Amino acid sequence: MSSDTSWLVLLPSMVTVVTAMLSRRPIGSLLAGVLVGLIMLEPSNALTNFFSILLEVMMSETIAWVIIVCGLIMLLMRVGAADAFCRLLVAKAKGSESALVYTWSLGLVIRAGYFH
């Protein structure tokens with residue numbers, strides 16, 4: 001590929017946007033755009049570069065934290081923990097004032113856990 005600026009520099013972005021609109025899956029669309037960009041840069045080593053970049057990103061502490069937290073949240077949603085917690089609070093909160101107190105105290109617990 002030549003070093004001249006042309007419309008080809010927009011191809012990975014266009015692939016990403018079109019794929020996202022058609023499939024409604026943002027992660028797969030982003031990966032498709034990255035793969036197209038890598039193919040444009042170095043066609044013979046595109047897959048090798050793709051997997052090395054993917055491995056480097058997955059080894060990041062931030063990404064690992066996001067995966068763990070989101071996985072835990074999804075697990076709690078799948079087993080019905082959120083629904084059970086809501087039913088427990090609905091049974092305990094008898095009126096609007098007690099519901100506000102429970103909401104306020106839960107906010108304090110979440111905030112205290114966030115800052116520690």
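The numbers here are math on the coordinates, done by the rules we state, and not lab data. In this text, all values refer to a predicted model and were calculated from it rather than measured experimentally. Note that we place each Cβ from the backbone using ideal geometry, even for glycine, and neighbour counts take in every protein chain shown.
Some observations on this one:
- Folded to 0 to 90 degrees: helix 81-92 orientation relative to the chain principal axis, Cα: 20
- For region 62-95, the list of trypsin sites (Lys or Arg not before Pro) that fall in a loop by DSSP and count at most 12 other C-beta atoms within 10 angstrom reads K94.
- Phi angles across region 46-54 convert, under the Karplus curve 6.51 cos²θ - 1.76 cosθ + 1.60 with θ = phi - 60°, into 3J(HN,Hα) values of 4, 5, 4, 5, 4, 6, 5, 5, 4 Hz, Gly and Pro given as x.
- Applying 0.36 nm per residue to the separation of E97 and M77 and subtracting their alpha-carbon distance, the gain on full extension is 4.4 nm.
- Degrees, to the nearest 10: 11-23 long Cα axis against longest axis of the chain: 40
- Each principal axis of the chain carries a Cα extent, and these read 70, 30, 26 Å when sorted largest first.
- Normalised by the number of residues in the chain, the mean separation of alpha-carbon contacts (under 8 Å, six or more apart) gives a relative contact order of 13 percent.
- Nearest-0.05 FRET efficiency for I68 and L41, computed from C-beta distance (R0 25 Å): 0.20
- Unit charges at the beta carbon, dipole of the chain: most positive-side option, M21, L88, S60: L88
- 3J(HN,Hα) couplings calculated from phi for region 57-66 with the Karplus curve 6.51 cos²θ - 1.76 cosθ + 1.60 (θ = phi - 60°) are, in sequence order, 5, 5, 7, 5, 5, 5, 5, 4, 4, 4 Hz; Gly and Pro show x.
- Cα long-axis angle, helix 96-115 against the chain (0 to 90 degrees, to the nearest 10): 50
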